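Worksheet for the structure shown next.
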Amino acid sequence: MALVEYRVEEGVAVMELNDPPANTYTHEMMRELDDAVLKARFDPEVYVIVIRGAGEKFFSAGADIRMLQKADPYFKYFFCLHANETLNRLEHTPKLVIAALNGHTVGGGLEIALACDLRLARQGGGKIGLPEVNLGVLPGTGGTQRLGRLVGKSKAIELMATGETFEFEKGLELGLLNRIFPAETFWNDVLAFARQFCPPNKAAKAVGRIKRAVCSGLEVPFGEGLAIEREMQQQLFESEDAKEGLAAYVEKRKPVFKGR
């Protein structure tokens with residue numbers, strides 16, 4: 001049984017964390033997720049990536065605690081290192097990545113979601129948070145860094161130090177989530193949302209370069225961020241979609257993008 005189910009639906013690569021009921025991840029699952037990310041990144045027919053959890057109870061409850069309890073310190077260190085590398089690869093992939101939070105999203109599960117560009121949640125689907133402090137550890141798969149960048153230093157410290165978990169609605173208020181969709185139409189709403197960023201609706205290459213400019217630019221001084229922006233723009237000026245978009249504007253018609 002695959003721990004990460006992979007399929008492509010009309011330009012959207014769907015990656016499903018598949019170890020119910022809690023979809024906790026192990027080294028093996030992270031390796032499969034890494035393989036799936038690379039597969040989607042280099043597939044010219046994939047424009048958007050969506051990650052979800054199997055079932056309806058959990059997106060993911062994070063790392064398998066029993067595995068960590070039995071492991072020696074050397075394994076734990078390299079497990080976190082390799083998981084970080086996978087999530088960094090996800091974050092740096094020049095395609096839009098959406099986390100579809102179909103259930104509880106806590107601990108390392110939220111850290112996966114934080115490495116995605118957008119987070120869409122199922123109404124009443126569960127709780128969200130980083131409660132690792134209750135285990136005597138910290139969110140060690142990028143959580144301390146990504147949460148602070150998303151909600152600010154003080155609020156991030158408060159959320160992680162208290163270990164609070166809360167409903168998706170509060171996550172939306174804090175800026176952790178982008179949208180909450182009704183439970184009965186959640187998956188159809190997620191796919192419809194994702195497909196708006198695929199050709200012919202959007203210039204997918206431009207969407208991906210916007211992501212790269214923002215993600216890379218926030219990690220460097222402002223002047224270097226502007227240089228990254230110029231580099232991304234130059235790449236887009238040479239694309240077929242830019243030619244189509246500019247021509248359509250002049251001709252007063254709707255552009256038909258091809259993702260090239």
Task: Conditions (1) surrounded by 13 or more Cβ atoms within 10 Å (Cβ to Cβ); (2) modelled with pLDDT of 95 or more; (3) among the acidic types (D, E); number of the one not met by E184 - done: (1)
Open item on the list: Looking at P221 and the list (1) surrounded by fewer than 20 Cβ atoms within 10 Å (Cβ to Cβ); (2) under 20 Å from the mean Cα position of the chain (by Cα); (3) not assigned by TED's automatic domain parsing to the domain that holds K76, which single condition is not satisfied?
Closed with: (2)
Open item on the list: Which count do you get for residues in the stretch 32-86 that are basic (K, R), free of Cβ contacts under 8 Å to residues at least 40 places away in the same chain and touching a helix residue (DSSP H, G or I) at 6+ places or on another chain (Cβ under 9 Å)?
Closed with: 1
TODO: Tell me, please, whether a residue that is surrounded by 15 or more Cβ atoms within 10 Å (Cβ to Cβ) and more than 27 Å from R149 (Cα to Cα) can be found in the stretch 245-255.
DONE: yes
TODO: Can you run down the residue pairs with Cβ atoms below 6 Å, 6 or more apart or on separate chains, where the first is in the stretch 1-28 and without any contact (Cβ under 8 Å) to a residue 60 or more places away in the chain and the partner is basic (K, R) and part of a strand (DSSP E or B)?
DONE: V14/R7; E16/R52
Open item on the list: Looking at the stretch 155-182, I want the residues that are assigned by TED's automatic domain parsing to the domain that holds L120 and have a partner that is surrounded by fewer than 14 Cβ atoms within 10 Å (Cβ to Cβ) and not small (G, A, S) with Cβ atoms under 6 Å, at least 6 apart or on another chain. Which pairs are those?
Closed with: G163/N134
TODO: Please indicate, with yes or no, whether at least one residue in the stretch 44-61 is at pLDDT 90 or above, of a type in the set (S, T, N, Q) and assigned to a helix (DSSP H, G or I).
DONE: no
TODO: Only residues that are β-branched (V, I, T) and over 22 Å from G142 (Cα atoms): list them for the stretch 211-238, please.
DONE: I228
Task: Positions within the stretch 39-59 being within 15 Å of the chain's Cα centre (by Cα), of a type in the set (A, V, I, L, M) and within 14 Å of E5 (Cα to Cα), in sequence order - done: A40, I49, V50, I51
- [ ] Scan the stretch 62-89 for residues that are closer than 15 Å to V4 by Cα and either aromatic (F, W, Y) or in a helix (DSSP H, G or I) (or both) and report the count.
- [x] 3
Task: Top-ranked residue of the stretch 32-43 - restricted to ones that are in a helix (DSSP H, G or I) and out of contact with any Ser or Thr (no Cβ under 8 Å at 6 or more places or on another chain), ranked as nearest to P200 (Cα to Cα) - done: K39
Open item on the list: Can you tell me how many residues within the stretch 36-57 are surrounded by fewer than 18 Cβ atoms within 10 Å (Cβ to Cβ) and farther than 16 Å from H92 by Cβ?
Closed with: 6
Task: strands (runs of 3 or more DSSP E) (entirely within the stretch 90-135) containing at least 2 residues that are under 16 Å from E16 (Cβ atoms) - done: 96-101, 104-106, 118-122
Open item on the list: Among the residues of the stretch 149-159, are any closer than 23 Å to E111 by Cβ and either touching an Asp or Glu at 6+ places or on another chain (Cβ under 7 Å) or not in a helix (DSSP H, G or I) (or both)?
Closed with: yes
- [ ] Inspect the stretch 162-171 for any residue being assigned to a helix (DSSP H, G or I), crowded, with 19+ Cβ neighbours inside 10 Å and touching a Ser or Thr at 6+ places or on another chain (Cβ under 8 Å) and give the result as yes or no.
- [x] no
Open item on the list: Among the residues in the stretch 152-168, are any at pLDDT 95 or above and under 19 Å from the mean Cα position of the chain (by Cα)?
Closed with: yes
Open item on the list: Given (1) surrounded by fewer than 22 Cβ atoms within 10 Å (Cβ to Cβ); (2) of a type in the set (S, T, Y); (3) modelled with pLDDT under 95, identify the lone condition not met by Y6.
Closed with: (3)
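The values are calculated or read from the model by the stated rules, or taken from the named source; none is laboratory data. These numbers come from a predicted model, not from an experiment. Note that we place each Cβ from the backbone using ideal geometry, even for glycine, and neighbour counts take in every protein chain shown.
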